[in-house]
Amino acid sequence: MNDLNNSIKENILMLKELFKESADLTIREMNLISSNSVSAALITIEGMCNKEVTASSILSPLTTYDFKNLQGEKVIDEIVLSVLASGEIIEINTLDELISFATSGFAVIMVDGTTKTLAVGAQGYSYRSVSEPESEVVQRGSREGFTEPLRVNMSLIRRRIKSPDLVFETITTGKTSRTHLMICYLQKSVSPKLLKKVRSRLEKCDLDTVFASGYLSEYLEDEWSKSIFSGIGISERPDTVCGKLTEGRIAVLIDGTPAVIVVPHLFVEEFQGVDDYSNRPYYAAFIRILKYISFFVSVFLPGIYTALAQFHPEYFPTWILIKTSESLAQTPLPVTLEVILMAFIYEIMKEAGLRIPKSLGHAVSIVGALVIGDSAVSAGIISSSTLMVVATAAICSYVTSQLYPPIMILRFIYIIVGGLLGLWGILLTTIAVLVNMSAKTSLGIPYLSSLAPFSRNSMRDVFIRAPWKILSKRTIKIQNFPESED
Amino acid sequence: MRKKIVALLLCFICCVSVLFSGCSEARRIDTAAIAENVTVDTVDGKTVYTFFLLSSEDKPCGIDVPADSFEEACALAENRYIPNISIARIDMIMINEELYKDVMKSDIEYISTQPVYSPNLKVTLCDSNTVKRMKEEKRVPEIIDNELMLTENSTEKVNTTCLSIFNSFSESNDDFSVAYISAEKELKIETMKIRL
Amino acid sequence: MQINFKFPSNRLLLSLFFCGSAVILLQNYNISDNTSFLFNLICLVVGLVLCCIVFIPSMVLKRKYNLDFVMLTRRKTPRVYYLIMAFYSAYAVYTAEYFLLRYTDMFHDKYFSDAGVNVIAFIMIAICFYGACRGVNIITRFGIILSAFALLCYILIFSGGVQSLDFELHHFDFSGSAIGFISNTTFFLTPSFIAVIFAILSGYSENFKSRQIFVTLISLAVEFAAFLFFVSFALGAYADSQSYQTFLMSKISQISGLSGIESFYFALTTLSVFMIITLLLCCINREMGESKTILNVSVFSIVIFVLHICASYLNSVGEILTNPMLFNLFNIFAAFIIPGIYLLVFRRSENA
């Protein structure tokens, strides 16, 4: 791409050519009051800048100030020092930077006779207001969640950590989208090696567009294709992200999405919630253990039910055996197929529920409940025991909703394996999954850290939540876990 | 490309091996006839093993299998009388007092060699009327179960399980006590000394 | 890379403890009849003391010189290195086969008689292959999780069997014969195979302390004694009516009327055999030089599988591969004699 020219006319032509005469590119040319008749131009993108700010803080002072006999670069310096009332003025020298700032909502001032340009903060684009994230609802914590603009998210973090150790680094990624990212960390807590790893991996991202956090996860994760569990954490809550930053983790904020990436990410974190640190320790411990039990139930219950029904009916207690046997005898399909079918129908209903318009949601949920829940059982298409098992597993999976993708995959695997090989097959599959999880790392930190490799100090916040007096004695940094590559 | 072919081939071999691992011989719950109790009685001079199957009906579902031993009865039941029978849940065997000398020792020895049976399988003696009541009333096994539990907690040693009876007759030739159920005494447990 | 990380020695020994557990879990008429519990206890103690002696060369190597046997052989005798490693690879295959055959036999006998034995072996070897490709570090990490599950299994099996204890079934007297003593002691010497695995894989671990080996062997002794106790006093003469007496012991366990605890026994046995075969494949990989892990592990996995097929069709092969006397001789040779000779030579050259 050509660089900026001293001639303002050439620069304007270049911009018009680059933007293909796009309707939202606004160029306001003007002659500054000066003895040398200096021309200038204000470049904005329609809808990105605040018109009032642009008019009152930029255009008005520019068009009324007397630049006397100043020319070229000195005009720019004078604008910075004496003319503009804006608090955010950035000097830019390249065309790439000009485009980047203009498309980010900055008003760009060009002056004839110099390649130096100014980007003035005048953002005025519309964005969603700060509200509670729907995916991470809490009882006692803050109700604020991240939004799409990067700067709003930065301010949400800065408000909670007022320390000068908090650092934000900008990176631009995406050849076409030129999405701004912010790497956020606490200088005193973070490991320099981890930081270097994050930077280098983000720089290796060669995508055309980056619109969501998932685009970057494959670049940040260690060997992402070799595990169904994710080695990166996603959060929409500023308090959660700030808590993780104090443990030496690194947050990656992406412009245009409220989901913030936090790395490294461990398995035990999926069972930790903000409410645990607000509630009393005994209740927090109870909820944590409940989450672990729910996880195991959601993953294993359908598979074990299939295995027992298919291979080991004698393991059922008598009172369940009679009812299960009779209900399954009335249905046409084998147990394995029935459980797979039910689980599949549930996934369809879940996906439909996510995308259905709210006005139709009630009607469809009633139909779904009646058709699947009642009519299908009465008609003998599916058995009530299978329905109960699948429903229980489905409800349990939402206790740890972040783990839903691996839970769903594992559930199907266990149903198939249980139907083919019984409990023995489930055991072997569990061995393979556990070995896979033991081998997985997140930026060089073992994924199962705290459990395997075992770390006694960190166990105070795994199955239980120790009182704050104990937790505050020593903050365990992520890079200090055993067998960490840093 | 080569790695992909090798990986695909390995996956195919694994899938085929899983399919041929014997999953076709599964003891499916919806088709299994699960036997819960067995009685040994004499009918017209012949030994008959009656397998009581698990069901939700009001009346007990008992199927008679004429055989000279429990081993023969199980084989006949599987092949001829009760297809898809599942014997892993057999909880109790009641032997008519007139027959115990003929069948008890051999049956218990056979049960002890089979991994499918629990060593805690209950073995009791009874009179003919108890067997008749078993065939007519569904509550009888439950009553007997409760009575056996009370007997286990009593001070006098009564051998109620296959394990204890096996150990009693294999370790010495002396008399030993077993549980005896009489219909005349409302299915109460008494002890009976026997020698095998 | 995680595979290159040194991990604590106590984790390796924890994994070896689970390997040693397979000996009692797959015990099949290995303990003589007509021997009392106390007599067997003494045989157990003697057997495990002998195991401890077998551990000495690898223990000294690790403690004093921080070397494992593979590194020592490479340094001292590079010319015969491949010959020695070939012997140890053959040993690893033999040991894997020893336990795999017993496991598939138990599976067929107790769990699912209609299952194809060779298919079971294939699937088991496939999982072990995957585990071995990930490395020793990962397997020992998995061992930590396994230990939590194993603890649950032991609690269920033993607490469920308490109600079946009957002290009239067996006596606390001391009865046994010389032949019984030799036979039982030989059986309790079987866990010495873990000394060979330790000798080869100790190079991956750090922070080794001699007491870790004693703790491992004492834990094995306690476990064996507990199983012996329950088999004697809960089963009595019934134990001799079926194979795999430990399975039978788990079958009588009941907790509040709920049975099915033999499935935990089965899970524990499967996990122990998985540990053994995987660690042995890791040993082979170390012996072969670790540069081509997948190739090394896959070749020897195929060898183990082929041998298993041969053993299932040819009785003579099966008998050789499951002969306990031959296995113990192999263990002593591999764990004590060869490393002992090397250690003596090494110390002499150091002193010189």
Inset, instruction - Only residues that are closer than 16 Å to A:V108 by Cα and either free of Cβ contacts under 8 Å to residues at least 40 places away in the same chain or not in a helix (DSSP H, G or I) (or both): list them for the range A:57-71, please. - result: A:L59, A:S60, A:P61, A:T63
Legend entry - Any hit, the range A:206-221, residues being surrounded by fewer than 21 Cβ atoms within 10 Å (Cβ to Cβ), more than 14 Å from the chain's Cα centre (by Cα) and touching a residue at least 40 places away in the same chain (Cβ under 8 Å): no
Legend entry - Residue count, the range C:253-292 (criterion: at pLDDT below 90 and at the interface with another protein chain (Cβ under 9 Å from one of its Cβ atoms)): 5
Legend entry - Flag for C:G180 being within 19 Å of C:Y29 (Cβ to Cβ) and either more than 14 Å from every other protein chain (Cβ to nearest Cβ) or surrounded by fewer than 16 Cβ atoms within 10 Å (Cβ to Cβ) (or both): yes
Inset, instruction - Look through the range A:462-486, keep the residues that are more than 14 Å from chain C (Cβ to nearest Cβ) and touching a Phe, Trp or Tyr at 6+ places or on another chain (Cβ under 9 Å), and return whichever of them is surrounded by the fewest Cβ atoms within 10 Å (Cβ to Cβ). - result: A:W468
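Here is a yes/no grid of residues against (1) surrounded by 20 or more Cβ atoms within 10 Å (Cβ to Cβ); (2) outside the structural domain of A:R178 (by TED's automatic domain parsing); (3) in a loop (DSSP other than H, G, I, E, B):
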| site | (1), (2), (3) |
| --- | --- |
| A:S22 | no, yes, yes |
| A:L42 | yes, yes, no |
| A:K74 | no, yes, no |
| A:G113 | no, yes, yes |
Legend entry - Any chance A:S35 is part of a loop (DSSP other than H, G, I, E, B) and over 22 Å from A:P149 (Cα atoms): yes
Inset, instruction - Might you check whether a residue that is out of contact with any Phe, Trp or Tyr (no Cβ under 8 Å at 6 or more places or on another chain), in contact (Cβ under 8 Å) with a residue 12 or more places away in the chain and not in a helix (DSSP H, G or I) occurs anywhere in the range A:411-426? - result: no
Legend entry - Matching option when the condition is more than 7 Å from chain B (Cβ to nearest Cβ), assigned to a helix (DSSP H, G or I) and either closer than 16 Å to A:M388 by Cβ or more than 35 Å from the chain's Cα centre (by Cα) (or both), among A:P302, A:P332: A:P302
Inset, instruction - Would you please list the contacts, defined by Cβ atoms under 8 Å and residues six or more apart or on different chains, that run from a residue in the range B:103-128 that is under 13 Å from B:N159 (Cα atoms) to a residue that is of a type in the set (D, E) and assigned to a loop (DSSP other than H, G, I, E, B)? - result: B:L121/B:D91; B:K122/B:D91; B:L125/B:E97
Inset, instruction - Within the range C:157-176, identify whether any single residue is within 14 Å of chain A (Cβ to nearest Cβ) and at pLDDT 90 or above, and answer yes or no. - result: no
Legend entry - Residue among C:S316, C:S312, C:S349, C:S259 that is out of contact with any Pro (no Cβ under 6 Å at 6 or more places or on another chain) and closer than 25 Å to C:G131 by Cβ: C:S312
Inset, instruction - Determine which member of the set C:V136, C:V119, C:V80 is within 14 Å of chain B (Cβ to nearest Cβ) and among the β-branched types (V, I, T). - result: C:V119
Inset, instruction - Pick out, from the range B:119-196, the strands (runs of 3 or more DSSP E) lying fully within it that include 3 or more residues that are at negative phi, surrounded by 13 or more Cβ atoms within 10 Å (Cβ to Cβ) and over 18 Å from the mean Cα position of the chain (by Cα). - result: B:176-182, B:188-194
Legend entry - Any hit, the range A:317-326, residues being among the hydrophobic types (A, V, I, L, M, F, W, C), at negative phi, part of a helix (DSSP H, G or I) and touching a Pro at 6+ places or on another chain (Cβ under 6 Å): no
Inset, instruction - Select from the range C:127-155 the residues that are over 10 Å from A:V435 (Cα atoms) and surrounded by fewer than 19 Cβ atoms within 10 Å (Cβ to Cβ) and list them in ascending order. - result: C:I144, C:S147, C:A148, C:F149, C:L151, C:L152, C:Y154, C:I155
Inset, instruction - Give the residue, chosen from A:Y346, A:Y283, that is over 30 Å from B:E36 (Cα atoms), surrounded by 14 or more Cβ atoms within 10 Å (Cβ to Cβ) and under 31 Å from the mean Cα position of the chain (by Cα). - result: A:Y346
Inset, instruction - Evaluate the range A:168-189: report whether one residue or more is touching a Pro at 6+ places or on another chain (Cβ under 8 Å), outside the structural domain of A:M408 (by TED's automatic domain parsing) and either buried (at least 21 other Cβ atoms within 10 Å of the Cβ) or charged (D, E, K, R) (or both). - result: no
Inset, instruction - Scan the range C:230-237 and give yes if some residue there is without any contact (Cβ under 8 Å) to a residue 12 or more places away in the chain, of a type outside the set (S, T, Y) and more than 11 Å from chain B (Cβ to nearest Cβ), otherwise no. - result: no
Legend entry - Subset of the range C:104-126 [within 22 Å of B:A88 (Cβ to Cβ) and either of a type in the set (F, W, Y) or in a helix (DSSP H, G or I) (or both)]: C:T104, C:D105, C:M106, C:F107, C:H108, C:D109, C:K110, C:Y111, C:F112, C:V117, C:I120
Inset, instruction - Check whether at least one residue in the range C:216-228 is within 14 Å of another protein chain (Cβ to nearest Cβ) and in a helix (DSSP H, G or I), and report yes or no. - result: no
Legend entry - Among (1) touching a residue at least 60 places away in the same chain (Cβ under 8 Å); (2) more than 8 Å from chain B (Cβ to nearest Cβ), the one test that A:W319 misses: (1)
Inset, instruction - Please find, within the range C:200-215, the residue that is farthest from the other protein chains (Cβ to nearest Cβ) out of those that are surrounded by 18 or more Cβ atoms within 10 Å (Cβ to Cβ) and not in a helix (DSSP H, G or I). - result: C:F208
Legend entry - Qualifying residues in the range A:402-457 (those that are of a type in the set (F, W, Y) and within 22 Å of the chain's Cα centre (by Cα)) - the one farthest from the other protein chains (Cβ to nearest Cβ): A:Y404
Legend entry - Some residue of the range A:305-321 being buried (at least 20 other Cβ atoms within 10 Å of the Cβ) and under 26 Å from the mean Cα position of the chain (by Cα): no
Legend entry - Condition check for A:V130: touching a helix residue (DSSP H, G or I) at 6+ places or on another chain (Cβ under 6 Å) and in a loop (DSSP other than H, G, I, E, B): no
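The values are calculated or read from the model by the stated rules, or taken from the named source; none is laboratory data. The model shown is predicted, which means the values in this text are computed figures rather than measured ones. Please note: Cβ atoms are built from the backbone with ideal geometry, for glycine as well, and neighbour counts cover all protein chains shown.
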